[in-house]
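Take a look at the structure below.
What follows is calculated from the coordinates using simple rules that are stated; it is not laboratory data. Computed from a prediction, not measured in an experiment: that's the story for all the values here. Every residue, glycine as well, gets a Cβ built from its backbone with ideal geometry; the counts of neighbours run over all protein chains shown.
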Amino acid sequence: MKGFTGRAGVLLLSAGLAGCASSPGGTKVTPEQDVKAKCDQLYADSRIDPVRERIQVPLTLGAPQDIDKLANRTRPTDADRPAIKALWEAEEACRRYGEQKLGSLPAYRMRSDDEMSEALADLYDGAITYGQFARRMLYIGERDKAARDSIDEEIRQREKWRLMHDYNN
């Protein structure tokens with residue numbers, strides 16, 4: 001599970017600029033802008049407010065975390081659990097909307113999403129602290145970036161060879 005810059009961000013990057021809709025003012029709105037606006041609306045849900053100071057919202061893979069978030073040794077209380085659940089619901093709704101508008105996520109990002117969902121479930125359950133959750137988000141982000149960089153390098157290498165040998169398939 002991830003926020004706009006996580007899950008929806010990859011959807012935006014992988015979609016391209018095919019097709020645009022018109023906004024009420026008559027200006028063109030790209031599918032990427034539409035997804036960002038929808039996700040921003042989902043993350044603005046006031047039910048998430050009780051945990052905003054302890055969890056970076058939207059959830060963002062590999063994003064720098066404040067020291068107070070990383071060092072937080074408290075576990076969610078019963079009062080926090082509805083806010084964590086609302087955050088999970090916003091993440092899932094953002095992903096579904098993004099996939100509807102932009103297409104499915106790359107395989108490496110799906111693995112990261114699974115890890116994020118597990119981390120959020122562990123937080124919800126109280127198995128980890130808020131600080132452990134923040135650190136897991138950093139680690140998941142590092143693995144996600146490494147996987148993306150590897151794919152990018154493979155694409156660059158493929159293009160070099162394609163230019164040298166014009167394959168017809």
> Based on the mean of other beta carbon atoms within 10 Å per residue, what is the order of 76-85, 48-57, 150-159, most packed first?
Replying inline: 48-57, 76-85, 150-159
> By a straight-distance test (C-alpha under 17 Å), which lysines pair with LYS85 as possible cross-link partners, with residues fewer than eight away in the same chain excluded?
Replying inline: LYS2
> aspartates and glutamates within cross-link reach of LYS101: Cα-Cα under 17 Å, excluding same-chain residues under 8 positions apart?
Replying inline: GLU32, ASP34, ASP40, GLU91, GLU92
> Going down the list LYS36/LYS160; LYS28/LYS160; LYS38/LYS160; LYS38/LYS145, which pairs span over 32 Å between their C-alpha atoms?
Replying inline: LYS36/LYS160; LYS28/LYS160; LYS38/LYS160
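Placing +1 at every Lys and Arg Cβ and -1 at every Asp and Glu Cβ, with all other atoms neutral, what dipole size does region 122-162 have around its Cα centre, in debye to the nearest 20? Intermediate values should be presented prior to the final figure.
Values: 9 positive and 9 negative charges, 44 e Å.
Approximately 200 debye in magnitude.
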> Magnitude of the Cβ-charge dipole of region 71-169, K/R +1 and D/E -1, about the Cα centre, nearest 20 debye?
Replying inline: 200
> Between ALA37 and ILE151, what is the spin-label point distance in nm, taking each point 7 Å from the Cα along the Cα→C-beta axis?
Replying inline: 2.7
> Rounded if a/c is under 1.5, else prolate if a/b beats b/c, else oblate: with a ≥ b ≥ c from the C-alpha gyration tensor eigenvalues square-rooted, which is region 4-164?
Replying inline: oblate
